[in-house]
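The values are calculated or read from the model by the stated rules, or taken from the named source; none is laboratory data. Fair warning: this is a prediction, and the values are worked out from it, not measured in the lab. Please note: Cβ atoms are built from the backbone with ideal geometry, for glycine as well, and neighbour counts cover all protein chains shown. What goes into the accessible areas is simple: the full protein's heavy atoms, side chains included, and nothing from ligands, DNA or RNA. Shrake-Rupley method; radii C 1.70, N 1.55, O 1.52, S 1.80 Å.
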Amino acid sequence: VQFFQVVGVGRGSAGLTVTATAGLNIVVVPTVTVFTSFVLNPSFEGSAPGVTPIPAWTGGFGVNDASGPYLDNGIIPDQAQVAVLESTNTLSQQIYALTPGKNYWLQFRYNASVSAAAAVDLRVKLGGKLLATINNITAAGSYIGDVPFYFTNIVFVPTNVSELLEFDTSPTVAGTTPALLLDAV
């Protein structure tokens, strides 16, 4: 018996060719398939709702599901949870395997909490460079399941193979505590 470890370095499939010598009996010819995604945990699953770390992400306030309290309006875009960024906050993740000079799309769904009763501004950065600013975000609807979250599509061209993706929020009006809801990155 021979054990071996495979490290996936890119998307695709590969087979391992084993030549039978010295009377070896080859029972299984292994095939390895690597699935990759530029954004890990884009739907913010894998942690209990509340103020909690979000797997694969740094920062943020936590996650909410349909039981709230911040996810109080709109249709959940993808799976069962959304990220919450309360007040002034940053949610970030290092993105790998980019091709410098190639066009990419960054798509995501966003909303604001009704219960926070305040608007929020969002700045999206990649590698420290501002990609987009979305100002004065208010609740898309008035209760769970009524209307879709807002959607945006940003075209960008990376300058490095790896870049830090950041979602930064801040209150539109000083002294308020708005909550941005983010999903389906």
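Return the residue satisfying two criteria in turn: it lies in the stretch 134-166 and is in a strand (DSSP E or B) and of a type in the set (Phe, Trp, Tyr), and of such residues it is surrounded by the fewest Cβ atoms within 10 Å (Cβ to Cβ). Steps first, answer last, please.
Here is the first cut: in the stretch 134-166, the ones in a strand (DSSP E or B) are 134-137, 144-148, 150-156, 163-166.
Next cut, of a type in the set (Phe, Trp, Tyr) only: 150-151, 156.
Values: 150: 18, 151: 11, 156: 19.
My answer is 151.
Yes or no: residue 48 farther than 13 Å from residue 167 by Cα, open to solvent by 30 Å² or more (accessible area, probe 1.4 Å) and touching a Leu at 6+ places or on another chain (Cβ under 6 Å)? Spell out the reasoning first.
Values: farther than 13 Å from residue 167 by Cα: yes; open to solvent by 30 Å² or more (accessible area, probe 1.4 Å): yes; touching a Leu at 6+ places or on another chain (Cβ under 6 Å): no.
The answer is no for residue 48.
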Problem set entry | First in the stretch 67-79 and aliphatic (A, V, I, L, M), second anywhere and open to solvent by 50 Å² or more (accessible area, probe 1.4 Å) and outside any loop (DSSP other than H, G, I, E, B), Cβ under 6 Å, 6 or more apart | 75/148
For this session: Just need a number here: residues in the stretch 92-133 that are closer than 25 Å to residue 146 by Cβ and either surrounded by 19 or more Cβ atoms within 10 Å (Cβ to Cβ) or of a type in the set (A, V, I, L, M) (or both).
Result: 13
For this session: Would you tally the residues in the stretch 172-183 being in a loop (DSSP other than H, G, I, E, B) and open to solvent by less than 30 Å² (accessible area, probe 1.4 Å)?
Result: 1
Exercise. Can you name every residue in the stretch 115-140 that is small (Gly, Ala, Ser) and modelled with pLDDT of 95 or more?
Worked result: 119, 127, 128, 132, 139, 140
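For the stretch 33-45, check the following and say yes or no: at least one residue is free of Cβ contacts under 8 Å to residues at least 60 places away in the same chain, of a type in the set (Val, Ile, Thr) and exposed (fewer than 13 other Cβ atoms within 10 Å of the Cβ). Spell out the reasoning first.
Quick first cut of the stretch 33-45, residues free of Cβ contacts under 8 Å to residues at least 60 places away in the same chain only: 33-35, 37, 40-41, 45.
If we keep only those that are of a type in the set (Val, Ile, Thr) too, we end up with 33-34.
Checking which are exposed (fewer than 13 other Cβ atoms within 10 Å of the Cβ) leaves us with 33.
The answer is yes, given that some residue of the stretch 33-45 is free of Cβ contacts under 8 Å to residues at least 60 places away in the same chain, of a type in the set (Val, Ile, Thr) and exposed (fewer than 13 other Cβ atoms within 10 Å of the Cβ).
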For this session: Report, by residue number, each residue of the stretch 122-166 that is touching a residue at least 60 places away in the same chain (Cβ under 8 Å), under 16 Å from the mean Cα position of the chain (by Cα) and within 22 Å of residue 58 (Cα to Cα).
Result: 162, 163, 164, 165, 166
Problem set entry | Those residues of the stretch 109-125 which are within 16 Å of residue 71 (Cα to Cα) and of a type outside the set (A, V, I, L, M), in sequence order | 109, 110, 111, 113, 115
For this session: Return yes or no: is residue 169 modelled with pLDDT of 95 or more, open to solvent by less than 60 Å² (accessible area, probe 1.4 Å) and over 14 Å from the mean Cα position of the chain (by Cα)?
Result: yes
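Are any of the residues in the stretch 30-41 part of a loop (DSSP other than H, G, I, E, B), among the aromatic types (Phe, Trp, Tyr) and at pLDDT 75 or above?
Taking the stretch 30-41 first, the residues part of a loop (DSSP other than H, G, I, E, B) are 30, 35-41.
Checking the rest, the ones that are also among the aromatic types (Phe, Trp, Tyr) come to 35, 38.
Retained after the next criterion (residues that are at pLDDT 75 or above): 38.
Taking every residue of the stretch 30-41 in turn, at least one turns out to be part of a loop (DSSP other than H, G, I, E, B), among the aromatic types (Phe, Trp, Tyr) and at pLDDT 75 or above.
Residue by residue, here is whether (1) more than 15 Å from the chain's Cα centre (by Cα); (2) open to solvent by less than 50 Å² (accessible area, probe 1.4 Å); (3) closer than 20 Å to residue 148 by Cα holds:
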site	(1), (2), (3)
52	yes, yes, no
58	no, no, no
63	no, yes, yes
69	yes, no, yes
72	yes, yes, yes
82	no, yes, yes
88	yes, no, no
